[in-house]
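Following: one structure in structure tokens, then a few remarks.
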Amino acid sequence: MKKTIYDLIERYRIGENDSCSKKQEMYHYLTSRGIEFEINSEGTDIVISACAVMKDTFHLYPHEVYHHFYRNLKGGLL
């Protein structure tokens with residue numbers, strides 16, 4: 001399962017299918033909730049891609065992705 005998730009993250013990063021719009025939606029949602037990202041950073045692209053993949057793969061609502069993300073951010077894992 002991990003390999004599949006990593007492969008999906010890489011596909012989202014290179015912009016396959018409709019991933020650009022999904023990443024933009026996730027970026028706008030997270031920033032509207034107060035998460036700040038560096039513009040044009042590879043790390044930002046990786047994190048946003050991972051969040052979009054998590055939302056699509058596990059059929060999560062954006063607020064659920066935010067809570068997972070924020071919990072890990074507060075815990076120092078990001």
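The values are calculated or read from the model by the stated rules, or taken from the named source; none is laboratory data. Being a predicted model, the structure only gives us computed values, none of them experimental. Positions of Cβ are generated from backbone atoms using ideal geometry, with glycine treated the same way; all protein chains shown enter the neighbour counts.
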_Selection count, the range 51-78, where residues are surrounded by 13 or more Cβ atoms within 10 Å (Cβ to Cβ) and among the small types (G, A, S)_ = 1
_Scope the range 1-48; condition closer than 18 Å to H67 by Cα, among the aromatic types (F, W, Y) and part of a helix (DSSP H, G or I); matching residues_ = Y27, Y29
*Identify the single condition in (1) within 12 Å of the chain's Cα centre (by Cα); (2) without any contact (Cβ under 8 Å) to a residue 12 or more places away in the chain that M54 does not satisfy, given that it satisfies every other one.*
(2)
*Mind checking which residues of the range 49-78 are among the small types (G, A, S) and not in a helix (DSSP H, G or I)?*
G75, G76
*Can you find a residue in the range 43-50 that is of a type outside the set (S, T, N, Q), surrounded by fewer than 12 Cβ atoms within 10 Å (Cβ to Cβ), within 12 Å of the chain's Cα centre (by Cα) and modelled with pLDDT of 90 or more?*
yes
_Pair list, Cβ under 8 Å, 6 or more apart: the range 1-24 residue more than 15 Å from V47 (Cβ to Cβ), other residue in a loop (DSSP other than H, G, I, E, B) and modelled with pLDDT under 95_ = R11/N17
